[in-house]
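Here the structure comes first, spelled out in structure tokens, and everything after it is commentary.
Where a number appears in this text, it was derived from the coordinates with a stated rule and is not lab data. Treat the numbers as computed from the prediction; the structure is a model and nothing was measured. Here Cβ is always computed from backbone atoms with ideal geometry, including for glycine, and neighbour counts include all displayed protein chains.
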Amino acid sequence: MEEHEAQLSTLFDVEDFDAVIEEVRTIASTVFPGYDLEPFDNACDDVVRLFRGDYPGYRACNVSYHDLRHTLAVTLAMARLMHGAVETGRELSEKDFTMGLVSALMHDTGYMQEDDDLEGTGAKYTLVHIERSIDFVRRYYADDPLFGNDLDAFRDILRCTGLSVSIGDIRFADETVELLGKILGTGDLLGQMADRVYLEKLLDLYNEFVEGGINQFSNRLDLLDKTRGFYQMTLKRFADDFDNVDRFARHHFRARWDIDEDLYRKAIEHNLAYLDFVVTNHRDDYRDWLRRTIHVKEINNATGKSAEAFF
């Protein structure tokens, strides 16, 4: 693949959720020829139904940041990182791999409202959504023949997605559960920050924060201003808490696509470069500039370089 084509968003159509799910299946079957897709497919079908409002007892997802797109992006990142881990010699069983995928699929189910919960949106659960997600997994796999004895493992894996959680305080059952937790915590961050519409979705995230009682941002522009600092904290978390498992991404892209790059890191840096451009040059009309493709000519003139650098 030519260098200018090596972009995360151009590997396949990430807007097509079926294509994302099929890529996860392909990765799993690459790692484990003859991989039993049924447990993943069953969980995936139910999670998609849940987000779309077709799962018994629940309303459709009504938050715009932690939506189905985000969940599938994290599930894909989880598959890629686990594949990369195996490429480096880390041992994962087929069940371990499925547990990782299921954890990613269900990590934000805590934002879902039950049928009789008609007040506000699921964003009101922002501060408690991880524990609610853990409860969903517990109910979903209670007495399940494959995962019924692994509910504590799921709990610890999902807790790794909490930004305020000290990973060192979690008593993982074993090294594999710890690895899966660190990969999920990493994939959750990579999946959202590398999304081509990450900056646009930050405006939705602000709305979720307000309803969820997170008041550290004075307005949407303040959130944008602080996003690069958040990325610096993310890199520190990767190194200090997650053992730099993000390094597995490069091994995946090399094996799957013959691209010797970390396309997640590349996509995030492109997003942040464009964010820097917007908050520096368009503070008064930043909303209008969170639609990059309609401003290609203006970006070229303002920066003196091709707008492709931001895409």
Full-extension gain between residue 16 and residue 239, please, as 0.36 nm times their residue separation minus the C-alpha to C-alpha distance. 77.0 nm
Assigning unit charges at the beta carbon (Lys, Arg +1; Asp, Glu -1) and nothing else, what dipole magnitude in debye, to the nearest 20, does the stretch 1-89 show about its Cα centre? 480
Sorting 93, 30, 58 by the position of each Cα along the dipole of the stretch 23-97 (Lys, Arg +1; Asp, Glu -1; all at Cβ), the one nearest the positive end of that ordering is 58
Count charges around residue 265 for me, please; just the other residues with Cβ under 12 Å from its Cβ, Lys/Arg as +1, Asp/Glu as -1. -1
Rounded to the nearest 500, what is the 222 nm mean residue ellipticity of the chain from helices alone, with -39500 (n - 2.57) per DSSP H run of 4+ residues and division by all residues? -18000 deg cm²/dmol
Local electrostatic count, residue 110, Cβ distance below 10 Å [Lys/Arg +1, Asp/Glu -1]: -2
Over the stretch 169-216, with a single point scatterer placed on each C-alpha, what log10 of the ratio I(q)/I(0) does the Debye formula yield at q = 0.15, 0.17, 0.26 1/Å? -0.61, -0.70, -0.90
What does the charge dipole of the chain about its Cα centre add up to, to the nearest 20 debye, if the Cβ of each Lys and Arg holds +1 and the Cβ of each Asp and Glu holds -1? 940
For residue 126, net neighbour charge (Lys/Arg +1, Asp/Glu -1) across residues whose Cβ lies under 9 Å away: -1
Among 109-119, 178-188, 138-148, 244-254, how do they line up from the highest to the lowest mean number of other beta-carbon atoms within 10 Å? 178-188, 244-254, 109-119, 138-148
So for 190, 37, fewest C-beta neighbours within 10 Å to most, what's the order? 37, 190
So how tilted is helix 263-281 from the main axis of the chain? Cα-based, degrees 0 to 90, rounded to 10. 40
Just name one of 273, 73, 162: the one whose Cα is farthest towards the positive end of the charge dipole of the chain (beta-carbon charges, Lys/Arg +1, Asp/Glu -1). 273
Can you give the log10 of the normalised intensity I(q)/I(0) at q = 0.08, 0.14, 0.15 Å⁻¹, computed with Debye over equal Cα scatterers of the stretch 3-310? -0.35, -1.11, -1.27
Fewest-first ranking of 103, 64, 93, 164, using other Cβ atoms within 10 Å as the exposure measure: 164, 93, 64, 103
Set the Förster radius R0 to 30 Å, insert the Cβ-Cβ distance between residue 211 and residue 94 as r into 1/(1 + (r/R0)^6), and round the FRET efficiency to 0.05. 0.15
